[in-house]
Amino acid sequence: MQVQSVTQTVAVVLANTPAARLACDGGTVLGRLTEQLTSIPVAVRVVGHAGGHLADDLREIAVVARAGSAPLAIISGDVVAHTEAIAALLEHPARGTGALVAAGEPGPGGSPVRVENDRVAAAGNSFHQLVGPNATFRGVLQVGASDLPRLAAVAAELSDLAADELLGDARDDEAADLLLAGLVRSGVPVAAVPLGVLHAERVTGQEAADAAFGRLGAVDEERARLDAAVKQDDGFFATYAVSTWSRHVVKAAAWLRLTPNGVTGISVGLAVMAAVWFSTGTRAAQLAGAVALYLSFVLDCVDGQLARYTRRFSPIGAWLDATFDRVKEYVVYVGLAIGYAGGIVGGPTGPQNIWALAVAAMLLQAVRHMIDFSYAGAVADAARVGSAWGNSRRSLAVAADGARLVQLAGKLEKGTATRWAKKIVVLPIGERMALIAVTAAFFNAYVTFVALLVWGTIAALYTLTGRIARSL
């Protein structure tokens, strides 16, 4: 699970378009949109009116941005979208700056953008011409709290240009499009949030609006929400042995009104049961422990999926999830060592040094986590000071070698088999749980710890090599 701030997002809906007044289910497009936003929920503020001036809308957005301390969403009043599509951006736990985009060649219903590495690299509109677009901005933009000062500056500058009629052919209903382009050009990282099977488009007339609403009805929004709760870029074991059916558990947990933290607690309980069974040392108990460990991992995946499905994120949930992953694993190590040592005469570290192996496995896993977290922290520090990895004094030959390694890794990502091999070799938690369960069920704890140490060492060296290559 991830952390979500308790501060409510403010959504500025731009009503400066005739399409906002188009008929929709006994109301208007604008009315339906504001109702959707209220249900997410966010604090809604309607700005402007049909026939208003672009400069006024931009000026008001600048004022709201300067006074704000929460994420600010800017949404065109002519947007017809699935509620889930809007919520995918506005309720993402990161709550950073991002825009809803539809992949593919730009067409009607939005302005052109170019997406690179899941970010909006460039954005166009009636004033800014764009070369090489590969996606379409769908009129929903969110600006994270840390980027509000930049938004205020961009909005104020664009407002002055609009007032002086210096924005060329820019239309009065293009405030969101202009702001997106301005943010990107000013260096603000804007995440490109894909729509997937969901729809979000801007309409220009009643016929287009009716067609757009028809497309909304053709999609099972609840199914799409459930599918979106399951990670698409998970490990091999988690993808094929858990995510293929865990969505049914998620739905059942939601129906039972279980919280993500409650599911985490049940997962911990199953891991403790697995450790207890492992500690008995009998074959039947080993098998039972392996099954309990697998189910514990299933629920370890389900708690995050449930959080995404119900949009119930919390700081305590994120901490519990990260902490108890380690606790569960180490408790199982202890149970395995106790079960193996029971009834067998051994030295101070148990038969065949089983306790030494258990401690070594724990230490190796701790070192691997240290490598991952320290690298992530170093990347964040480098980004804050505006530094790419390395400096001007580094060896060009060394940098070239690192670049070649990174390019090779990129090429391996293009093949399905090699991509999965890269995921498996790093021994993520799913593969570790599978390794423990299988070796404990069919062999013994000694085999389990030796396998963890050998595979874990290979994974650590592989990861460390990659980190160094990217740091050169």
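The values are calculated or read from the model by the stated rules, or taken from the named source; none is laboratory data. Given the structure is predicted, the values throughout are model-derived calculations rather than measurements. Ideal geometry is used to build each Cβ from the backbone, glycine not excepted, and the neighbour counts take in all protein chains shown. Just the protein is used for accessible areas: all its heavy atoms, side chains included, with ligands, DNA and RNA removed. Shrake-Rupley method; radii C 1.70, N 1.55, O 1.52, S 1.80 Å.
Test each condition in (1) open to solvent by 60 Å² or more (accessible area, probe 1.4 Å); (2) touching a residue at least 60 places away in the same chain (Cβ under 8 Å) for Leu183 and report the one that comes out false.
Failed condition: (1).
Which of the residues belonging to region 96-119 are of a type in the set (A, V, I, L, M) and at pLDDT 90 or above? Reasoning before the result, please.
Applying the first criterion (of a type in the set (A, V, I, L, M)) to region 96-119 yields 99-103, 113, 115.
Those that are of a type in the set (A, V, I, L, M) and at pLDDT 90 or above: Ala99, Leu100, Val101, Ala102, Val113, Val115.
In region 212-246, what residues are within 30 Å of Asp78 (Cβ to Cβ), of a type in the set (Lys, Arg) and touching a residue at least 24 places away in the same chain (Cβ under 8 Å)?
The one that is within 30 Å of Asp78 (Cβ to Cβ), of a type in the set (Lys, Arg) and touching a residue at least 24 places away in the same chain (Cβ under 8 Å): Arg225.
Suppose we filter Ala135, Ala200 for residues that are surrounded by 18 or more Cβ atoms within 10 Å (Cβ to Cβ) and touching a residue at least 60 places away in the same chain (Cβ under 8 Å); which single one remains?
Details: Ala135 fails: touching a residue at least 60 places away in the same chain (Cβ under 8 Å).
Result of the check over Ala135, Ala200: Ala200.
If you go through region 141-154 one residue at a time, how many are open to solvent by less than 10 Å² (accessible area, probe 1.4 Å) and touching a helix residue (DSSP H, G or I) at 6+ places or on another chain (Cβ under 6 Å)?
6
Considering only region 5-48, state which residues are open to solvent by 50 Å² or more (accessible area, probe 1.4 Å) and assigned to a helix (DSSP H, G or I).
Filtering region 5-48 down to residues open to solvent by 50 Å² or more (accessible area, probe 1.4 Å) leaves 5-8, 18, 21, 23, 25-26, 32, 35, 38-39, 41, 44-46.
Scanning region 5-48 gives Pro18, Arg21, Arg32, Glu35, Thr38, Ser39.
Just checking, does region 269-281 include any residue being at pLDDT below 90, of a type in the set (Gly, Ala, Ser) and open to solvent by 10 Å² or more (accessible area, probe 1.4 Å)?
Yes: one or more hits.
What single numbered condition from (1) surrounded by fewer than 24 Cβ atoms within 10 Å (Cβ to Cβ); (2) over 15 Å from the mean Cα position of the chain (by Cα) fails to hold for Val113?
The single condition Val113 does not satisfy is (1).
Looking only at region 310-340, filter to residues that are modelled with pLDDT under 75 and in a helix (DSSP H, G or I); which one of those is nearest to the chain's Cα centre (by Cα)?
The extreme case among them is Ala318.
Could you please tell me which pairs satisfy a Cβ distance under 7 Å, a separation of 6+ or placement on different chains, a first residue in region 357-370 that is within 13 Å of Leu461 (Cα to Cα), and a second residue that is of a type in the set (A, V, I, L, M) and assigned to a helix (DSSP H, G or I)?
Pairs found: Leu364/Leu453; Leu364/Ala460; Val367/Ala460; Arg368/Ala459; Arg368/Ala460.
Of the residues that make up region 259-276, is at least one under 17 Å from Thr439 (Cα atoms), free of Cβ contacts under 8 Å to residues at least 60 places away in the same chain and more than 23 Å from the chain's Cα centre (by Cα)?
Taking region 259-276 first, the residues under 17 Å from Thr439 (Cα atoms) are 271, 274-276.
Then keep just the ones that are free of Cβ contacts under 8 Å to residues at least 60 places away in the same chain; that gives 276.
From what's left, more than 23 Å from the chain's Cα centre (by Cα): 276.
The answer is yes, given that some residue of region 259-276 is under 17 Å from Thr439 (Cα atoms), free of Cβ contacts under 8 Å to residues at least 60 places away in the same chain and more than 23 Å from the chain's Cα centre (by Cα).
Taking the condition closer than 25 Å to Gly217 by Cβ and assigned to a loop (DSSP other than H, G, I, E, B), does Gly96 pass? I'd like the intermediate steps shown before the answer.
Details: closer than 25 Å to Gly217 by Cβ: no; assigned to a loop (DSSP other than H, G, I, E, B): yes.
Against the criterion (closer than 25 Å to Gly217 by Cβ and assigned to a loop (DSSP other than H, G, I, E, B)), Gly96 does not qualify.
Which pairs turn up if I take residues in region 20-46 that are closer than 27 Å to Arg312 by Cα and look for partners that are open to solvent by 60 Å² or more (accessible area, probe 1.4 Å) and of a type in the set (Val, Ile, Thr) with beta carbon separation below 8 Å, at least 6 apart in sequence or on another chain?
Thr34/Val46; Val44/Thr38
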